[in-house]
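Please read the structure below before turning to the comments.
The values are calculated or read from the model by the stated rules, or taken from the named source; none is laboratory data. Since the structure is predicted, the reported quantities are computational estimates derived from the model, not experimental observations. Every residue, glycine among them, receives a Cβ derived from its backbone with ideal geometry; neighbour counts consider all protein chains shown.
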Amino acid sequence: MALAIISLTSLVAVFILFKLVYRHNPNCNERYGAEIVLFHSDERYKKRIWRFNLIEYLKNQKSYDNNSELELRVIVGEFSENTQEIVKHAANHNFGSIMIISGPNVFCEDKIEIYTLLDQNPNVKYFILPIRPTKHFMIFNNSHLYVEKPHRHTEIRGSVGIKKCNQKLLNTYNTAFENILNYAQPLTKEDVLNLECYNQ
């Protein structure tokens, strides 16, 4: 029941965010962030490059500012190839804490990749939920946000990226992450090999 309430609250937050972002001048809105970027469902390459560039920007900022460790928080339906690329990029750019929460199923071809990623990167923690989450987002170093439009695992989707996200909005997503984490089970690399696969 609590998971359903959290999902419904997240859905309302995403709906309001998309409704406000899709106004005539979405590039900047002080209530949401310094820069807002919309990605259509067919812009897979642009979405990936935007997140890669953000990771590199954060790594460079850390070099100048000598801040504490970089952090990435992710909630996805499946820990699939696209998410793995982002996580690997963050791990290769010295993100000290990377947490992924996903649904209980994977694509069979991803099992070995996930196993290898967890084996080579002890800073990556992987959790699964008993059911597939419907709200998917990434929080980059508690300052930038990437939110996907709700979708099924077989669908492509649009998304929105927010640089220097408004702290109140970030707090909403961080709270949602923490609440959902309470229902998630941590997995070892060995556990990954026993995950159920989607039917082909």
Inset, instruction - Scan (1) exposed (fewer than 14 other Cβ atoms within 10 Å of the Cβ); (2) touching a residue at least 60 places away in the same chain (Cβ under 8 Å); (3) closer than 15 Å to residue 146 by Cβ for the single condition residue 53 breaks and write down its number. - result: (2)
Legend entry - Residue check, residue 113 acidic (Asp, Glu), over 15 Å from the mean Cα position of the chain (by Cα), crowded, with 16+ Cβ neighbours inside 10 Å and closer than 19 Å to residue 55 by Cβ: yes
Legend entry - residue 96 vs. criteria under 24 Å from residue 53 (Cα atoms), part of a loop (DSSP other than H, G, I, E, B) and in contact (Cβ under 8 Å) with a residue 24 or more places away in the chain: no
Inset, instruction - Taking only region 41-86 into account, find how many residues are over 17 Å from the mean Cα position of the chain (by Cα), of a type in the set (D, E, K, R) and part of a helix (DSSP H, G or I). - result: 3
Inset, instruction - Filter region 118-137 down to the residues that are closer than 28 Å to residue 43 by Cβ and touching an Asp or Glu at 6+ places or on another chain (Cβ under 9 Å), then identify the one that is surrounded by the fewest Cβ atoms within 10 Å (Cβ to Cβ). - result: 132
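Conditions (1) acidic (Asp, Glu); (2) in contact with a Pro (Cβ under 6 Å, 6 or more places away or on another chain); (3) without any contact (Cβ under 8 Å) to a residue 40 or more places away in the chain, marked per residue:
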| residue | (1), (2), (3) |
| --- | --- |
| 101 | no, no, no |
| 109 | yes, no, yes |
| 117 | no, no, yes |
| 121 | no, no, yes |
| 128 | no, yes, no |
| 132 | no, no, no |
Legend entry - In region 174-191, the residues that are touching a residue at least 12 places away in the same chain (Cβ under 8 Å) and closer than 18 Å to residue 133 by Cβ: 174, 176, 177, 179, 180, 181, 183, 184, 185, 186, 187
Inset, instruction - Filter the strands (runs of 3 or more DSSP E) completely within region 121-192 down to those with at least 1 residues that are at pLDDT below 90. - result: 144-148, 159-165
Inset, instruction - Might you let me know whether region 85-97 holds any residue that is crowded, with 18+ Cβ neighbours inside 10 Å, out of contact with any Leu (no Cβ under 9 Å at 6 or more places or on another chain) and at pLDDT below 95? - result: no
Legend entry - Of the criteria (1) modelled with pLDDT of 95 or more; (2) within 26 Å of residue 183 (Cβ to Cβ), which one residue 77 fails: (1)
Legend entry - Those residues of region 112-129 which are touching a strand residue (DSSP E or B) at 6+ places or on another chain (Cβ under 8 Å) and over 20 Å from residue 56 (Cβ atoms), in sequence order: 114, 118, 125, 126, 127, 128, 129
